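The structure under discussion appears below in the form of structure tokens.
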Amino acid sequence: MTDHLKQAVQYIKAGNKKRARSILVEILKEEPANDTAWLWMTAVVDTDNLRQECLEEALKHNPRSKKAEDALQKLHARKRGRATRPTPKPRRPRPKIDFLVIITSVAGLIMLGLSIGLYFENRSYDAEGQDTVAAVVETRRVRSCYVDYQFTANGSRYDGNDQVSCYERSDFKRTGQVHIEYLPSEPQKNRVHRPGAILRDAQKAFWLGIGMAALFLIVPGLTLVRFLSI
């Protein structure tokens, strides 16, 4: 081994591949048949294809080089293993269920619960509601109009209040009376009696609640189905 080749080997062991490569290139320019230089050249090139070329050059000039032959076989085996190794399928990230979806889901459930509650409340009034005349205690207007009243049921006095139109509020304030309906089994459940109007308003509120609940539940539901199907 020449002094220049020894110097290149020292640079390789020290981790200075750039300096070692420049020395090996100079050696191979002067001695292109130097199989030892070709063998050490594999330590300073960047790709397996270049390493294969260097090993083939070393074997061309010295077919009996055991080191070059063994290194070339290992290189071929590594290439075959890389070619047959299945490429991992990239995992699709699961979409995140954001805060807005949770809020709309909760709002939809609340609307659905209120609508169902309103439906059964009206069924109760239709089945056992009793009409009576209550005395107006006070009428109020706070954003909307309200009436407070007292009535007697089952020998006891009960208080009640309900939201009314401002026109009705003026009429109740003038007459001092209001027609109400209550449940005999639970007199504390009562409301202003408006034949026909209550039913229409209740039906509108019920179907509006069902529609809003469906709207608030469909979008989060589709998002959840997409999330679970991934």
Decide, for segment 3-84, between rounded, prolate and oblate: order the square roots of the alpha carbon gyration tensor eigenvalues as a ≥ b ≥ c, take rounded if a/c falls under 1.5, and otherwise choose prolate if a/b is larger than b/c, else oblate. oblate
Note, ³J(HN,Hα) from phi for segment 149-163, Karplus 6.51, -1.76, 1.60, rounded to Hz, x at Gly and Pro: 8, 10, 8, 10, 8, 6, x, 10, 9, 10, 9, x, 7, 7, 7
Residue span Arg82 to Ile116: 0.36 nm per residue of separation minus Cα-Cα distance leaves a gain in nm of 5.9 nm
Taking H as built 1.01 Å from N, whose amide H comes closer than 5 Å to the amide H of Lys189, not counting residues under 5 places away? Leu183
Working from the pairwise distances between different alpha carbons, so that the mean of 1/r is found and then inverted, what is segment 142-185's Kirkwood radius in Å? 11.5
Take Lys189 and Glu138, extend 7 Å from each Cα along the Cα→Cβ direction, and tell me the distance between the two endpoints in nm. 2.7
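Here, each number is a calculation from the coordinates, and none is a lab measurement. Just so we're clear, the structure is a prediction, and the values are computed from it rather than from any experiment. All Cβ positions, glycine included, derive from the backbone under ideal geometry; neighbour counts span all protein chains shown.
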